[in-house]
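Structure first, then comments.
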Amino acid sequence: MPWIRVDLSAGRTEEQKQKTAEAITNALVDFCNCTPESVSIVFNDVTADNWSFSGKLLSQTNKT
């Protein structure tokens, strides 16, 4: 039973997440011999003040 967590910068639409869920599920069915019903996906929207790259928060990267 695959359990997938997808962390994304906040702001994706429900439609984008739906299409992503379908694509991930289809890939697991095709490549891992899973059933669609066994695939669980959680989308975690992360705000820019809770995500960091290279020691800087994303919320700070566009500030000078």
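A short reminder: the numbers here are calculations on the coordinates, not readings from a lab. This one's a predicted model, so the numbers in the text were calculated from it and none came from an experiment. Virtual Cβ from ideal backbone geometry, glycine too; neighbours counted across all protein chains shown.
Taking only the Cα atoms of the range 6-64, the ratio Rg/Rh comes out at 1.15, with Rh defined as the Kirkwood radius.
Modelled label positions at Phe31 and Asp49, each set 7 Å beyond Cα in the direction of Cβ, lie 3.7 nm from each other.
Around the Cα centre of the chain, unit charges on the Cβ atoms of Lys, Arg, Asp and Glu (plus for the first two, minus for the last two) sum to a dipole of about 320 debye.
Longest exposed-loop-site-free stretch of the chain, with trypsin sites (Lys or Arg not before Pro), DSSP loop and at most 16 other Cβ within 10 Å? Numbers along the way, then the final one.
Values: sites that count: Arg12, Lys63.
The answer is 13-62.
Subtracting the Cα-Cα distance of Val6 and Ile41 from their residue separation scaled by 0.36 nm leaves 11.9 nm. Computed from Cα positions, the angle between helix 14-32 and the longest principal axis of the chain comes to roughly 50 degrees. With θ taken as phi - 60° and the Karplus curve 6.51 cos²θ - 1.76 cosθ + 1.60 applied, the whole-hertz 3J(HN,Hα) list for the range 38-48 is 8, 8, 10, 10, 10, 9, 10, 7, 10, 6, 4 Hz, x standing for glycine and proline.
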